[in-house]
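One structure is given below, encoded as structure tokens.
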There are 2 protein chains.
Amino acid sequence: MSVLDTVRYDEKGLVPAIIQDCRTGEVLMLAYMNRESLQKTLSLGKTCFWSRSRQEFWIKGESSGHVQVVKEILFDCDMDALLFKVDQKVAACHTGYRSCFYRKLEGEALTVIGRKVFEEGDVSNTSL
Amino acid sequence: MSVLDTVRYDEKGLVPAIIQDCRTGEVLMLAYMNRESLQKTLSLGKTCFWSRSRQEFWIKGESSGHVQVVKEILFDCDMDALLFKVDQKVAACHTGYRSCFYRKLEGEALTVIGRKVFEEGDVSNTSL
């Protein structure tokens with residue numbers, strides 16, 4: 001039996017995947033995989049997700065070039081969450097921040113603490 | 001409007017919460033919160049989750065003492081994932097490993113790479 005079959009997918013066939021920068025340890029994003037996108041991730045060596053809103057496969061960085069090269073995959077005790085340590089090209093977030101977690105709760109408000117590495121619509125970064 | 005109301009909970013009213021060690025950056029676990037457990041987490045200063053299997057609130061470490069003192073809360077770009085940086089007492093995983101992500105995919109198999117900090121059933125740790 002493949003390890004892909006030991007993963008406990010939810011009732012929609014999905015498992016959450018935490019993406020972490022392999023060098024800095026920064027948590028970059030959370031997205032979802034199904035069995036096929038996990039298999040694709042393993043064969044490509046780059047993260048491939050299942051978009052819940054668009055209901056389609058999504059190779060991270062396919063259009064922007066901001067791919068995530070997989071360095072390590074960890075499984076949790078319950079086999080229902082995955083952790084990918086990746087080499088993130090440019091930025092994980094489409095908004096231009098290095099990490100999607102760029103806002104921090106301070107009191108009652110959210111404060112931007114993230115590092116912006118490109119401006120949205122800046123095509124000069126799309127081929128990186 | 002409270003920031004609790006700006007979170008995009010899923011159709012079950014849940015949002016995934018990534019728990020990260022505030023000192024080492026190690027990702028410790030992933031669990032789920034609903035609005036009430038998030039509110040409880042904010043007021044207690046310790047993580048409180050919603051157990052999907054038991055359908056009940058669950059203050060992490062309430063019986064074991066392995067609480068997670070919240071140091072920072074980050075929100076992602078879509079407001080549908082949370083990241084908690086915590087001071088983890090003893091261990092996050094009930095199996096005794098510091099992190100729930102204690103196994104790594106190597107070839108076709110999972111290899112234990114985690115650090116075990118207590119043995120299951122070892123009551124000497126429960127009051128820590």
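The values are calculated or read from the model by the stated rules, or taken from the named source; none is laboratory data. This is a predicted model, so every value here is computed, not measured. Backbone-built Cβ (ideal geometry, glycine too); neighbour counts: all protein chains shown. The protein model used for the area step is the full one, side chains on, heavy atoms only, and it has no ligands, DNA or RNA in it. Shrake-Rupley method; radii C 1.70, N 1.55, O 1.52, S 1.80 Å.
Helix A:35-44 axis versus longest C-alpha principal axis of chain A: approximately 70°, rounded to the nearest ten. Among A:56, A:26, A:106, the largest mean-square fluctuation in a Gaussian network model of chain A, built with springs joining Cα atoms closer than 10 Å, belongs to A:106. Accessible area per residue for the stretch A:33-86, computed on protein heavy atoms with a 1.4 Å probe, is 44 Å². Label point of residue A:12 (7 Å along Cα→beta-carbon): distances to the other copies' equivalent points are 1.1 nm, sorted ascending. Only helices enter this figure: runs of n ≥ 4 DSSP H residues, each worth -39500 (n - 2.57), summed and divided by the residues of chain B, yield -2500 deg cm²/dmol at 222 nm to the nearest 500.
For the residues B:105, B:74, B:38, a GNM of chain B with alpha-carbon springs under 10 Å puts the largest fluctuation on B:105. Relative to the other identical copies, residue B:24 shows label-point distances of 2.1 nm, where the label point lies 7 Å from Cα along the Cβ direction and values run shortest first. Sorted shortest first, the distances from the residue B:62 label point to those of the same residue in the other copies are 4.4 nm; each point sits 7 Å from Cα along Cα-to-Cβ.
Based on C-alpha pairs under 8 angstrom that are at least 6 apart in sequence, chain B has a relative contact order of 22 percent. Which number gives the lysine pairs in chain B that have C-alpha atoms under 12 Å apart and are eight or more places apart or on different chains? Lysine pairs, 8 or more places apart or on different chains, close enough: 7. Using a probe radius of 1.4 angstrom, the carbon and sulfur fraction of the accessible surface of the protein assembly as shown is 48%.
Normalised by the number of residues in the stretch B:1-70, what is the relative contact order in percent for Cα pairs under 8 Å and 6+ residues apart?
The normalised contact order for the stretch B:1-70 reaches 20 percent.
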